[in-house]
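In what follows, a structure is listed as structure tokens, so that the remarks can point back to it.
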Amino acid sequence: MSKSNVKGPIRLAPYDEKYLDATLQFLGRLNPDHPELGGKDLFLWQKCSRFLAIFKNNIVGHMAIIEQPFWSSAGRFTAGWGSALVLDTANFALKTFAGVALLDKCLDDFSYVYFGVGIVPEIEQSYLRKGYVICRNSVRMFARFFRPPKALKYYEKPRILSLPIMTMNILRPAARFSDHLEHLTAFEEGTDALWAKLQKEQYNVYGERTASFLNYKISQPAKDYAILIHSQADEPDGYMIFRRARHNTKELDIIKICDFVGSEVAKIRMICEVLRIADETGVDGVVALSSSRDKAIFNRAGMWLSIKYPIGLKPNFAGKMHLTFFDSDLDNLW
């Protein structure tokens, strides 16, 4: 470190209430596109273990671990999601040392099965040297955009792609269904086993879904969620949670499909319903995160666009992994 501009050691400290104001200021200042990360209500709501990188008594890095039960063919285990890795970008050496120290802490010092989601190229090597793989085939982000130019600007894609996207939007899925949809405001106990069964039939690795988990998620401050329950022959076989999300600095207004579990019929029907609501609401589009296994389902429902979403995980967990915006901290942002 003596050859860099960083003079003195970076130390890691578990988050403590005495750091609250400084941490909120740091998160807000370093995330101009995501000022909500520095919001006190959201910060206190999130259940996680936080760590701070401190240099000369100043916070220069933040990272959290979110504990969440998951299931695989080997049984139930606890996943630790890396979230909100925020670094001071003013000094490259400082950013690098702080980032490596925080990531190493999360990878080495917990008994959790660590998962990282939305891995950016700058930190891929940090995962690889720890024996992780960057899996690009398990999870995808799906989308349908009613106003392609705004979405392409957000994703930094050329505007020339607007024409094929608009052409694809002409294709509409069939809208004849003989099943039943109901809107709820909260989840009641009694369907936990059903959600587990449906996921086990479709995926190798998936997050545990219980009424308590889902009700906690929809209690997130400053978010307004809607819940759909799908039934066939008067028996529920799926749910979908979605909300309107406005990215003020990018001027993008969309509906996020935040979480869902269901049979194939239920998923297609509920996606179609969310698209109908989005069309009537006048938003710019709809986005969702899910297993690559669901690509055909999203296509049949009318969400034609998808991109691979990289995740960092141990090799033995690669496979048909079901992730949604409710896993990790992905739904916390705008």
What does the net charge come to around Asp224 if you take all other residues with beta carbon closer than 9 Å to its beta carbon, with K and R at +1 and D and E at -1?
+3
Taking θ = phi - 60°, what integer Hz values does the Karplus form 6.51 cos²θ - 1.76 cosθ + 1.60 yield along segment 33-40, in sequence order, with x for Gly and Pro?
7, 10, x, 5, 4, x, x, 5
Which ordering of His62, His180 is given by a fewest-first count of other beta-carbon atoms within 10 Å?
His180, His62
Taking the radius of gyration and the Kirkwood hydrodynamic radius from Cα positions alone, what is the Rg/Rh ratio for segment 11-117, to two decimal places?
0.99
As computed over segment 83-159, the Cα convex hull volume per residue (Å³):
144 Å³
Choice from Ser73, Ser231, Ser306 with maximal GNM fluctuation in the chain (Cα, 10 Å cutoff)
Ser73
Mind checking which aspartates and glutamates have their C-alpha under 17 Å from Lys40, skipping anything on the same chain fewer than 8 residues away?
Asp16, Glu17, Asp21, Asp329, Asp331
Within straight-line cross-link reach of Lys157, lysines at Cα separation under 22 Å, skipping those fewer than 8 residues along the same chain:
Lys250, Lys256, Lys295, Lys308
Principal axes first, then extents: for the Cα atoms of the chain, list largest minus smallest coordinate on each axis, whole Å, largest first.
69, 47, 35
Report, to the nearest 10°, how far helix 20-29 tilts away from the longest principal axis of the Cα atoms in the chain, using its own Cα long axis and a range of 0 to 90°.
70 degrees
Could you order the peptides 236-242, 182-188, 124-130, 134-140 from most to least packed, using the average number of other C-beta atoms within 10 Å per residue?
236-242, 134-140, 124-130, 182-188
Apply the Karplus parameterisation 6.51 cos²θ - 1.76 cosθ + 1.60, with θ equal to phi minus 60°, to every residue of segment 279-293 and state each ³J(HN,Hα) to the nearest whole Hz, in sequence, with x for glycine and proline.
4, 5, 6, x, 6, 7, x, 9, 10, 8, 10, 6, 5, 4, 4
Would you mind telling me the antiparallel percentage of the DSSP bridges in the chain, rounded to 5?
90 percent
Distance between segment 203-254 and segment 269-334 - C-alpha centres, whole angstrom:
11 Å
As a test of the formula, what do you get for the chain when each DSSP H run with n ≥ 4 contributes -39,500 (n - 2.57) and the sum is divided by the residue count, at 222 nm and rounded to the nearest 500 deg cm²/dmol?
-8500 deg cm²/dmol
Net charge near Arg244 (other residues with Cβ under 10 Å of its Cβ; Lys, Arg +1; Asp, Glu -1) is +2
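A short reminder: the numbers here are calculations on the coordinates, not readings from a lab. For clarity, every value in this text was computed on a predicted model and none was experimentally measured. Here Cβ is always computed from backbone atoms with ideal geometry, including for glycine, and neighbour counts include all displayed protein chains.
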